[in-house]
1. Picking from K52, K43, which residue would you name as being within 24 Å of the chain's Cα centre (by Cα) and either surrounded by 15 or more Cβ atoms within 10 Å (Cβ to Cβ) or modelled with pLDDT under 85 (or both)?
2. Given the structure, is Y35 part of a helix (DSSP H, G or I) and exposed (fewer than 13 other Cβ atoms within 10 Å of the Cβ)?
3. Checking the structure you have, find out if any residue of region 81-92 is among the charged types (D, E, K, R) and closer than 25 Å to K25 by Cβ.
4. Is it fair to say Q113 is exposed (fewer than 13 other Cβ atoms within 10 Å of the Cβ), within 18 Å of E28 (Cα to Cα) and not aliphatic (A, V, I, L, M)?
5. Of all residues being loosely packed, with under 12 Cβ neighbours inside 10 Å and charged (D, E, K, R) in region 18-32, which is farthest from E107 (Cα to Cα)? Just the residue, please.
6. Of all residues in region 66-110, count the ones that are outside any helix (DSSP H, G or I) and loosely packed, with under 13 Cβ neighbours inside 10 Å.
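The values are calculated or read from the model by the stated rules, or taken from the named source; none is laboratory data. All of these numbers come straight from a predicted model, not from anything done at the bench. Quick reminder, even Gly has a Cβ in these numbers, built from the backbone with ideal geometry, and neighbours come from all protein chains shown.
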Amino acid sequence: MDAINIRMTLTERDGYLNKIEQQIKEKEQYLLNKYKQIGVLAKENEFLESVKDDYTNYYNYIVQEKQAQINAMEKINAHINSLVLNTQLSADKIKDAKIEQQRILNEMNNIKQNLDYLITIK
């Protein structure tokens, strides 16, 4: 059976990835809202305690993943810094590296904001 060759432009791919990212954020928000609701209800109903524990585990997992993303972004940023400082790059390559660094810093900021939000809702 022949493999299907799917080609997307970068714009289409970025749009597709943005759509997936938005769906993930919506699902996280939904689950976090349920986590808060179950926390309140669990105080009134002992049977919901195990459900609350499941949501707590999921919450902890999300927080750990966000922190791992921040750590990875910091390593990538440090590596780019090292390349710029310790190698002889052309002016164009330095400019590209700085643009990429700015994208990384922006993404780190977004992740940190999400993490801060997660921490404040608990």
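1. Working: K43 fails: within 24 Å of the chain's Cα centre (by Cα).
Only one candidate passes the filter, namely K52.
2. Details: part of a helix (DSSP H, G or I): yes; exposed (fewer than 13 other Cβ atoms within 10 Å of the Cβ): no.
So Y35 fails the test.
3. Step one: list which residues in region 81-92 are among the charged types (D, E, K, R), which gives 92.
Applying the additional criterion that residues be closer than 25 Å to K25 by Cβ yields none.
For region 81-92, residues among the charged types (D, E, K, R) and closer than 25 Å to K25 by Cβ: absent.
4. Details: exposed (fewer than 13 other Cβ atoms within 10 Å of the Cβ): yes; within 18 Å of E28 (Cα to Cα): yes; not aliphatic (A, V, I, L, M): yes.
Criteria met by Q113.
5. This residue is K27.
6. First, pick out the residues of region 66-110 that are outside any helix (DSSP H, G or I): 87-90.
Next cut, loosely packed, with under 13 Cβ neighbours inside 10 Å only: 87-88, 90.
Number satisfying all stated conditions: 3.
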